[in-house]
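Novice: Let me begin by handing over the structure; questions about it come next.
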């Protein structure tokens, strides 16, 4: 009846809704950009206030330290290789710390995950408390636990092992429980139908399904834990971290350089190895999966 | 029946021989791997000294730490020489926290005698003689569960001893420890007496964190939190210079014992380190990720360079980065910010470049078909696909960087990590250690919840990742 109105009503309505949505989206974007800018401003002003040196001076002297230690390493000439060999044993200690505590954390996380999976445990109280326990284990930074245990047990690798194990158990437990909850329940039902007990159902119904995923998470964690055990060495837990901290105090440039070099090489090697094995475990062998594998958009998802 | 079943079993075996062979091969492999793992585990167990866990455990320190976390102690310190001038009744032995008014549990009950009463009814009388310091002695009585009355004295060799036990030190009850120069008496968990030739020190523990809200040097000493807060609404000022609300704020933040203002500022620094570090990593890593993805950048050289840059940034751990930045910027948030930013530019960049390579090319082609140029193709064909991953990953990193910032802080960059380390290294202020731990853990949990909430808010509307 109206010749100017060429668009039907319902289309017009959709158009309006779309416009409204777009406006809302734009507002949200501006709002979040505004918040980010505000926080940045606050952050920079706080940092400028409480930093010992200023930003500008820091930038200009950024290369001083690396240049210093590298030139010292260069001057030491051929004996630099001797230094690298000298520090291999402490490196192995650090790796041992990481591997051992990852294993303990893996076992702990497995237990946590089974007792906090809704499809395996029917008692909601148990699930609730196991989850809270897991949260607590995860929330404590390794350093805090390690420092407390260092005070209680004296300087040794043990506090670091305990600290990393506790944190790893909490962190892995959370990831594991998600994997366990997403399990296919048909296999459990099958086992139940032949009269398998609960522990049998878990062993033969759940574990084979999730084991590759669990292992891949654990490898990821191992990589993080190697870094963590180095850092804990810094506060007195032994291993290569402690050697590095001593060398820094004594200002042995060549030694610092050697330690950093083997540290970087090790971390990179473990990174690649874990990537490779994760690729094998998850099946997509040719491409590494990156950190949060489960939320990466795969083509098949 | 059995005659039939055996050939059947054999037949099944013959027909499916590959299944059985694979299974037994797999079982063998698993057995070998399992043995190797167990052997290594045992080796690491002993080489790391995990078996010595009981030896290394220091129960005394542990109980001291546990006690100090939930209780505070009052010190009563009385030197035998010049007693009248040198007597100190303080909180936690801190001279700045000396009681101006003698508390009711300590009284001068006689000319040369002080009596300290414990919460459980136990009493200690300390006698001093200004003319003859070595004649000072103490009597301990009325402790529940302790029938005997013990008297502590100093002998001619200036060694402390328990009267009646001079020749049979080994028969002293377990709570009295006599060493050459000191008597250490702990009749209950909440009481401790240290008796030496020069002084007697009595520690009287009580539950709770004392002066948590207001310290005892300010005008609000003695007020409870709610008592003080209710003063906001009453007209009369407690001090002339400022309003009650401001006074409460000032007294709270400048609490000498707990240093709330300082601790919270340190906490803010830590959060800023994590936030700014992650933000910089996001802003730098995101565009670089495009340069490293093969479906965006055709130049293999550029891709290779950017990828090696990512590996380099990631491989040098944030520990090493923070050492380098500590030299450049000095202790402070910049060190933490840049250490986090450098490491995470590598990780986020690598992750995002992989995400970009995993995107569907249909969307991009669709945009291309409308005549859009390269930039627009990426903007509307690629970014909407990877944005949810990018945001959720960044939020994961923000969360874990909060923990990382605490650690960098303890290594010298400042913030709550350094406060924590400082309080722990005093070896006495464990209530502060506990306070900082509570702060750290609640911030980590809050960040965790915040990022989960934001992730849910931001990601669900895209309808891709539940």
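Only the coordinates and a few stated rules stand behind these numbers; no lab work does. All values derive from a computational prediction rather than experimental measurement. Here the Cβ positions follow ideal geometry from the backbone for every residue, glycine too, while neighbour counts run over all protein chains shown.
Novice: Have a look at A:197, A:25, A:251 and tell me which one the Gaussian network model of chain A (Cα, springs below 10 Å) gives the largest fluctuation.
Specialist: The residue with the greatest mean-square fluctuation here is A:25.
Novice: Something else now. With the calculation restricted to Cα positions, what are the radius of gyration and Dmax of the protein assembly as shown in angstrom?
Specialist: 32.9, 122
Novice: If the convex hull of the alpha-carbon atoms of the range B:260-462 is projected onto planes in all directions, what is the mean projected area in square nanometres? List each step's numbers first, then the result.
Specialist: On the way: hull surface 51.1 nm².
With the hull built on Cα positions only, its mean projection is 12.8 nm².
Novice: In whole Å, how far is the Cα centre of the range B:181-217 from that of the range A:76-113?
Specialist: Using only Cα atoms to place each centre, the spacing works out to 44 Å.
Novice: Another one. Pick out which of A:45, A:61, A:216 has the largest mean-square fluctuation in a Gaussian network model of chain A, springs linking Cα atoms closer than 10 Å.
Specialist: Judging by the Gaussian network model, the answer is A:45.
Novice: Something else now. Using only the Cα atoms of the range A:14-77, build the gyration tensor, take square roots of its eigenvalues as a ≥ b ≥ c, and label the shape rounded, prolate or oblate: rounded if a/c is under 1.5, else prolate if a/b is larger than b/c, else oblate. Could the numbers behind the result be given before it?
Specialist: Numbers: a/c = 8.04, a/b = 2.75, b/c = 2.92.
Judged from the Cα gyration tensor, the range A:14-77 comes out oblate (a/c at least 1.5, b/c at or above a/b).
Novice: Normalised by the number of residues in chain A, what is the relative contact order in percent for Cα pairs under 8 Å and 6+ residues apart?
Specialist: Numbers: 298 pairs, mean separation 62.8, N = 301.
Reported relative contact order: 21 percent.
Novice: When only Cα pairs under 8 Å and 6 or more residues apart are kept, what is the percent relative contact order across the range B:279-347?
Specialist: It comes to 41 percent, rounded to a whole number.
Novice: Sticking with this one: Going by a ≥ b ≥ c, the root eigenvalues of the Cα gyration tensor, does the range B:73-207 fall in the rounded group (a/c under 1.5), the prolate group (a/b larger than b/c) or the oblate group?
Specialist: On the way: a/c = 1.72, a/b = 1.20, b/c = 1.44.
Oblate is the answer for the range B:73-207, as a/c is 1.5 or above yet b/c matches or exceeds a/b.
Novice: Using only C-alpha positions, report the orientation-averaged shadow area of the convex hull of the range B:142-191, nm², one decimal. Please list the in-between numbers first.
Specialist: Numbers: hull surface 15.0 nm².
Result: a mean projected hull area of 3.7 nm².
Novice: Please compute, for the alpha-carbon atoms of the range A:163-238, the extent along each of the three principal axes and give them in descending order in Å.
Specialist: 55, 18, 14
Novice: Okay, moving on. Can you tell me how the range B:2-47 classifies by the Cα gyration tensor, rounded, prolate or oblate, using a/c under 1.5 as the rounded cut? Write out the running numbers ahead of the final one.
Specialist: Values: a/c = 10.86, a/b = 3.60, b/c = 3.02.
In terms of gyration-tensor shape, prolate.
Novice: Then there's this: Could you give me the radius of gyration and the Dmax of chain A, taking only the C-alpha atoms into account and expressing both in angstrom?
Specialist: So, for chain A, Rg and Dmax equal 26.8, 95 Å respectively.
Novice: Roughly what percent of Cα-Cα pairs across chain B reach past 34 Å? Each step should come with its number before you reach the end.
Specialist: On the way: 67192 of 108345 pairs.
In whole percent, the long-distance tail amounts to 62.
Novice: Return the distance in nm (one decimal) between the two label points of a simple spin-label model at residue A:126 and residue B:226, each offset 7 Å from Cα along Cα→Cβ.
Specialist: 4.1
Novice: With no solvent and one point on each alpha carbon, what is the Debye value of log10 I(q)/I(0) for the range B:390-464 at q = 0.15, 0.28 Å⁻¹?
Specialist: At q = 0.15, 0.28 Å⁻¹ the computed log10 ratios are -0.58, -1.18.
Novice: Alpha carbons only, please: Rg and Dmax for the range A:26-120, in angstrom.
Specialist: 24.7, 63
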